[in-house]
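The next block holds one structure in the form of structure tokens; read it before the comments.
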């Protein structure tokens, strides 16, 4: 196929060259009805590009096949059999993938370090999770993706499971041995879903970790807005092999997705694919060199340590590491990542990615250059110098890995939708949670519906909130009380 084409962008250009008088949504009618104050902030181009996908960009019957052509170009660019665009983020795409593999009351192997969107999929679908434990680093208090051996052990115990789902890379950049995990699944004729939300860039440079399709995954979900050039909510899911019917996957996406997809998002996805095919290798040559230099400069700052392969990649830990996730351990400064991130934003107008009890992280992409890297270095230099002002930091109770692992005693759906009550947090230990309790970012639930709470997890969350942790999906944002199942 001609990868210099961008069908959605070209369709928009054709629409503007020969505009229609529309008596359809969107109601702003190419921005003519938009408030001038909105236009001043958003710009007129946003509204000019906001047209119906069907009946606007294409005709009523989609006879030009604009979106289909764009998806086929994307599939060819990355070596997938099929690609589907989503304008509802990977939070929707991963649910569609799960529903294409397992249905209500069927079982699915799931790494316990999944994003909250996967848990939401379990709740919506009524799927019974068979949890696969991540690789816990007890010294750094960090989870890496589960190993192939861990998946094999759960499959051996539950051979009727419909398939498996693993998250790789994690928000910390650590990766699973996807080829080995895929082999475990395929030896049993089961499909593998990879939540590769943080890996949109991986297919486009050999110095980056191996991406899911090359490793043999059946479905790969990726958020192009995270590491690519697309707009927020941009997601694609790729499919290969014969273990999942593409028509079934598309129907599951239709079940959950919007009937009013954003042409703006489609156009940005289309343009990003062309950019990567034509310039991705050169862009990431430069970006990876920038990441190497930036990592070395941060490592040279007193009190800061940049985690690398030596820290994260070893037997019993992660299989690989994306170097563009710059994870900085600041524990030697005597403060928390929460406090450091807030200080950097207020004093240097820098917003960072993941922050936790001892780390901050900076996500680099092909959009970064020496100017942004220098800004980061200056800010971190002053952070180290100002560390005495950030002490003492509130102490966070970090349990042993085994104490963080809660017992799943109910289906997530049954706990979420069943009878519940709000109880003081002091009385919640031993109760079954009816809500997700998710430190965010990165968005991995510490407790999820159907798990029985214990003192250690409650102390971790309560002390974390006191120290600056954000738990946005709890019914009580102050975490003074928790929503639990009414047990008879």
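A few notes on this one:
- Tally of residues being outside any helix (DSSP H, G or I) and buried (at least 24 other Cβ atoms within 10 Å of the Cβ) across region 86-97: 1
- Top-ranked residue in region 103-124 [being within 14 Å of residue 446 (Cα to Cα) and touching a strand residue (DSSP E or B) at 6+ places or on another chain (Cβ under 9 Å); ranked as surrounded by the most Cβ atoms within 10 Å (Cβ to Cβ)]: 118
- Taking region 324-355 as the range and being under 17 Å from the mean Cα position of the chain (by Cα), touching a residue at least 60 places away in the same chain (Cβ under 8 Å) and assigned to a loop (DSSP other than H, G, I, E, B) as the test, the residues that pass are 324, 353, 354.
- Matching residues in region 382-391 - criterion: being assigned to a helix (DSSP H, G or I) and within 18 Å of residue 331 (Cβ to Cβ): 383, 384, 385, 387, 388, 389, 390
- Inspection of region 237-246 identifies at least one residue that is in contact (Cβ under 8 Å) with a residue 60 or more places away in the chain, closer than 22 Å to residue 54 by Cβ and either touching a strand residue (DSSP E or B) at 6+ places or on another chain (Cβ under 8 Å) or surrounded by fewer than 23 Cβ atoms within 10 Å (Cβ to Cβ) (or both).
- Set 183, 162: member being over 20 Å from residue 72 (Cβ atoms) and without any contact (Cβ under 8 Å) to a residue 40 or more places away in the chain: 183
- Condition met for residue 100 (in the same structural domain as residue 143 (by TED's automatic domain parsing), part of a loop (DSSP other than H, G, I, E, B), surrounded by 13 or more Cβ atoms within 10 Å (Cβ to Cβ) and modelled with pLDDT of 95 or more): no
- Boolean, residue 77 is closer than 30 Å to residue 214 by Cα and touching a strand residue (DSSP E or B) at 6+ places or on another chain (Cβ under 7 Å): no
The values are calculated or read from the model by the stated rules, or taken from the named source; none is laboratory data. The structure presented is a predicted model; accordingly, all values stated were derived computationally and were not measured. Neighbour counts are summed over all protein chains in view; Cβ atoms, including those assigned to glycine, are modelled from backbone coordinates with ideal geometry.
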